[in-house]
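Worksheet: the structure to be examined is printed underneath.
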Amino acid sequence: MPATDSAGLGRGRALAFVAPALVLIGIFLVFPALWSIYIGLTDYTLTGPSSVNPRIVGADNITGALSDPLFGNSLWLTLLFVFGSALIGQNILGFTLAWMLRGARRWLRRLVEGLVLLAWILPSTVVAYLWVAVLDRDGGTLNALLNTPGTAWLVQYPMISLIVFNLWRGTAFSMLLYSSALDVVPPSQLETARMVGAGRFSTLKDVVFPHIRGHVLTNTLLITLWTANDFTPFLLTAGGPDHRSETLPVFIYQQALGSGALGYASAISFLLLLVNLVIALVYLRLLRRRG
Amino acid sequence: MTSLVLRRIGYTVFFAVILAFFAIPMLWLASAPFDSKPGLGLRWPDWTFGNVTATLEHPYALTSLVNSLLLCGLAMIVTTVLAACAAYALSRVRIPGRDVLLYLLLLLSSVVTGTAAMVPIFVMMYQLGLINSQYGTALVIAGGMLPAAIFILKDFVDAVPRSYEESARVFGASPGQILLHVVLPIARPGIATIVVWSFVQAWGNFLLPFLLLRDINSQPAAVLMRTLYDEGGSANLTVIPVFSLLYSIPVVVLYLFVSKRYGFRFHGGIKS
């Protein structure tokens, strides 16, 4: 859209309008992102001698991370978490809900959408506690329902619990995105598919999917980015027991504030920033091609 | 015929399972606050309002909600005002390098997450002596929300026809008057969206206040919630359910308000 200065603001005043926002963004987003590179090259710690006089150690933090079994562990758990709860879980459940709800009765549609949305908008500390309660060993609702008394889900199956939790927590986004995507599919084509007797699977594959391919990619990229950066697992398990649910964000926190290894944690944050950058670049590229 | 019946059954079972999956964890939030002996499991409550009184008397419960109001109110005001000014100028005036700037902002809004930047932000605030400063924390939160807020608002401003501003200008209104009396009223739905969105985002934010506000007297509800259940103990079970309910209500009310008033607008990529 061509910008025409219809209020007669003028360039100078326009710059003055943009500047305060840019200053804040510069201080609290751009600077920290760049500074994490520098801190990541030092042996800076929260306490002790290195907290006063940090030394430059170069790439030691990165090479240290590569041989740190805990880092490898958290990388693997993050992949599991993203793959299970977002790529597969939220994607498929979100699409299925959007698809099934199209023909559903009004009250059912409202009820399901309302509940799924509520799971998404409630504050993370509250939903984390709701799940701690449901999964509790002694009084939890899940054990009562499944008749499995004494099962401590968060201790015995921490990763599965986190994946199911995140499926519950985040499906709303995929559901909303896919229901607006499905509006694009022309009903006449679905009708034709039905007339020629196409099965449900081939209808989805040959009629629906070509129309929503772009949405699937957008959705997948966004939920991958958010899930990889999600700190809520900390609220459920804090990474335990014995690092068995320590995804990357929790690992960074534990290294930085638990062990005080700020330099090391910063180097790993920088790796996470790079991953985010790659995902975001692909996403913007996609947006541009579609726009 | 049988396949139709089977399909019907499958359909019903699917929705029954979905409803149970999504509702069961939340039902506790409706029953436990009013149960005289609240437990972790779900049960029909033995009705009482005693828990509410106990929660209100808790030394930190109300304080933390007030802290939340202060923190989120401040972050919301800063975000809305700065984003509105920036979005307007970026929409109407061709500042040199505007397109690059917009691209970078969009990139920043998703790349520099709280998790990825927590270490440098913590170190920065620590060295500036701003740990436990509510104002400092509010600014950090606002800084994180600004790129996305600018984008949402710019979309709104782009959709506002320029003819209003132009005709006001023909009648000799100054830029200031035009902004205040012409642009602001038309952009109100956009601004309301940002007000609600930024408030809700800040209200739910746990990580930044958890990192930066270590003193319980300055902590918002998000952090107190965690402190309450991390310590455990049976005494807190009278407080936690009511407190979670009090803490959740504003978010739900604001969402209902926005979706009722302006329809649920779908802004891809801005929740988190």
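The values are calculated or read from the model by the stated rules, or taken from the named source; none is laboratory data. Since the structure is predicted, the reported quantities are computational estimates derived from the model, not experimental observations. Here Cβ is always computed from backbone atoms with ideal geometry, including for glycine, and neighbour counts include all displayed protein chains. To get the accessible areas, we keep the full protein, side chains included, count just its heavy atoms, and leave off ligands, DNA and RNA. Shrake-Rupley method; radii C 1.70, N 1.55, O 1.52, S 1.80 Å.
Accessible surface buried by the B/A pair amounts to about 8800 Å², both sides summed, 1.4 Å probe.
Under the simplified labelling scheme, the B:Y164-A:R194 pair shows an inter-label distance of 4.4 nm, with each label point 7 Å from Cα along Cα→Cβ. For the set A:E191, A:E246, B:E231, the ranking by accessible area, highest first and with no ligand, DNA or RNA atoms included, is B:E231, A:E191, A:E246 under a 1.4 Å probe.
Is the range A:95-195 best put as rounded, prolate or oblate by its Cα gyration tensor, with a ≥ b ≥ c the root eigenvalues, rounded for a/c under 1.5, and otherwise prolate when a/b is larger than b/c, oblate when not? The shape class here is prolate. Shielding by partners for peptide A:133-145, expressed as the average number of C-beta atoms from other protein chains within 10 Å of each residue's C-beta, is 5.
Quarter the surface of the alpha carbon convex hull of the range B:100-227 and you get the mean projected area, 10.0 square nanometres.
Note on the range A:178-241 and the range B:115-136: Cα centroid distance 38 Å, given to the nearest whole angstrom. Per-residue Karplus couplings for the range A:91-106, computed as 6.51 cos²θ - 1.76 cosθ + 1.60 with θ equal to phi - 60°, are listed in order as 4, 6, 5, x, 5, 4, 4, 4, 5, 5, 7, 4, x, 6, 5, 4 Hz, Gly and Pro entered as x. Here the Karplus curve 6.51 cos²θ - 1.76 cosθ + 1.60, taken at θ = phi - 60°, turns the phi angles of the range B:99-104 into couplings of 5, 4, 4, 4, 4, 5 Hz, with x standing for Gly and Pro. The largest accessible area among A:H243, B:H181, B:H58 belongs to the first residue in B:H181, A:H243, B:H58, and the rest follow in falling order (1.4 Å probe, all chains). Ratio of Rg to Rh for chain B: 1.07 [Cα atoms; Kirkwood radius as inverse mean 1/r over pairs]. Start at zero, step by 20 Å, and the Cα-Cα distances of the protein assembly as shown spread as 19, 52, 27, 2 percent across the bins. A probe of 1.4 angstrom, applied to the heavy atoms of all protein chains, finds B:M76 with accessible area near 40 square angstrom. Backbone amide hydrogens, once placed in the peptide plane, bring A:T42 within less than 5 Å of A:V57, excluding anything fewer than 5 places away on its chain.
Is the C-alpha gyration tensor of the range A:31-111 telling us rounded, prolate or oblate? Criteria: a/c under 1.5 is rounded; beyond that, a/b larger than b/c is prolate, otherwise oblate.
Note, shape of the range A:31-111 comes out prolate.
Residue by residue, the range A:236-251 carries 3J(HN,Hα) couplings of 8, 10, 6, x, x, x, 6, 6, 6, 9, 7, 6, 3, x, 5, 4 Hz when phi is fed to the Karplus relation 6.51 cos²θ - 1.76 cosθ + 1.60 (θ = phi - 60°); x denotes Gly or Pro. With a 10 Å cut-off around each Cβ of A:108-121, the average count of Cβ atoms from other chains is 4. May I ask you to give the percent of accessible area on the range B:1-111 that is carbon plus sulfur, with a probe radius of 1.4 Å? Its accessible area is 76 percent carbon and sulfur atoms. For a distance above 16 Å, tell me the whole-number percent of Cα pairs in the range B:15-71 that qualify. Cα-Cα pairs of the range B:15-71 separated by over 16 Å account for 59 percent. Peptide B:41-48 is shielded by partner chain Cβ atoms: per residue, an average of 3 of them sit within 10 Å of its Cβ. Summed over all non-identical Cα pairs, the Kirkwood treatment of the range A:236-281 gives a radius of 11.2 Å. Rolled with a 1.4 Å probe across the full set of protein chains, the surface gives A:T224 an accessible area near 30 Å².
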